[in-house]
1. Among the numbered criteria (1) in a helix (DSSP H, G or I); (2) modelled with pLDDT of 95 or more; (3) not polar (S, T, N, Q), which single criterion is violated by R96?
2. Give the residue, chosen from G137, G95, G108, G116, that is open to solvent by less than 60 Å² (accessible area, probe 1.4 Å) and in contact with an Asp or Glu (Cβ under 8 Å, 6 or more places away or on another chain).
3. If you check D126, D133, which single one turns out to be touching a Ser or Thr at 6+ places or on another chain (Cβ under 7 Å), assigned to a helix (DSSP H, G or I) and in contact (Cβ under 8 Å) with a residue 24 or more places away in the chain?
4. Can you list residue pairs whose Cβ atoms sit under 6 Å apart, with the first residue in the range 55-78 being touching a residue at least 60 places away in the same chain (Cβ under 8 Å) and the second being surrounded by fewer than 18 Cβ atoms within 10 Å (Cβ to Cβ)? Count only pairs 6 or more apart in sequence or on different chains.
Amino acid sequence: MKLSIALLAAPALAFAPVAQQARASVKVEARKEVAAATLGAAALLAPFAAFAGDIESGATIFAGNCAACHAGGNNVIAAEKTLRKDALDKYLAGGRKESSVVTQVTNGKNAMPAFGGRLSDEEIGDVAAYVIDQANGDKWDE
């Protein structure tokens, strides 16, 4: 539809004064720049959306799979390696972010078993969202 309108407008534009042609050209270029900026922003933000897990679902999955060792954000095996902000910053490979928790939960590390074969990618993402939400909000002690 836009193409047909553009084709109909092209002859009229050809006979328009030069100033009007310049304004039309500027409008087209501005629209292209806006479209490019929108696409660029979407491309930059897409990776973050990939880890936007469901916190409520994550809490349920955590309770059934993680709480035996990590109840209240603690760690019954290595007491210093809790799920609190400072410990995640210090001990979690990749730092305190959902993608790092996803890697740890999926692959396991040291005494922690891998959950990659037990939980789906979506469930692991939900657990990661829950863990980071709890840590960032200092909610483990609530």
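1. Among (1) in a helix (DSSP H, G or I); (2) modelled with pLDDT of 95 or more; (3) not polar (S, T, N, Q), R96 violates only (1).
2. Details: G137 fails: in contact with an Asp or Glu (Cβ under 8 Å, 6 or more places away or on another chain); G108 fails: in contact with an Asp or Glu (Cβ under 8 Å, 6 or more places away or on another chain); G116 fails: in contact with an Asp or Glu (Cβ under 8 Å, 6 or more places away or on another chain).
So the residue among G137, G95, G108, G116 that is open to solvent by less than 60 Å² (accessible area, probe 1.4 Å) and in contact with an Asp or Glu (Cβ under 8 Å, 6 or more places away or on another chain) is G95.
3. Testing whether each residue is touching a Ser or Thr at 6+ places or on another chain (Cβ under 7 Å), assigned to a helix (DSSP H, G or I) and in contact (Cβ under 8 Å) with a residue 24 or more places away in the chain leaves just D126.
4. I55/D133; G72/W140; G73/W140
The values are calculated or read from the model by the stated rules, or taken from the named source; none is laboratory data. As the structure is a prediction and not an experimental result, all values here were calculated from the model. Reconstructed Cβ throughout: ideal geometry from the backbone, glycine too, with neighbour counts over all protein chains shown. What goes into the accessible areas is simple: the full protein's heavy atoms, side chains included, and nothing from ligands, DNA or RNA. Shrake-Rupley method; radii C 1.70, N 1.55, O 1.52, S 1.80 Å.
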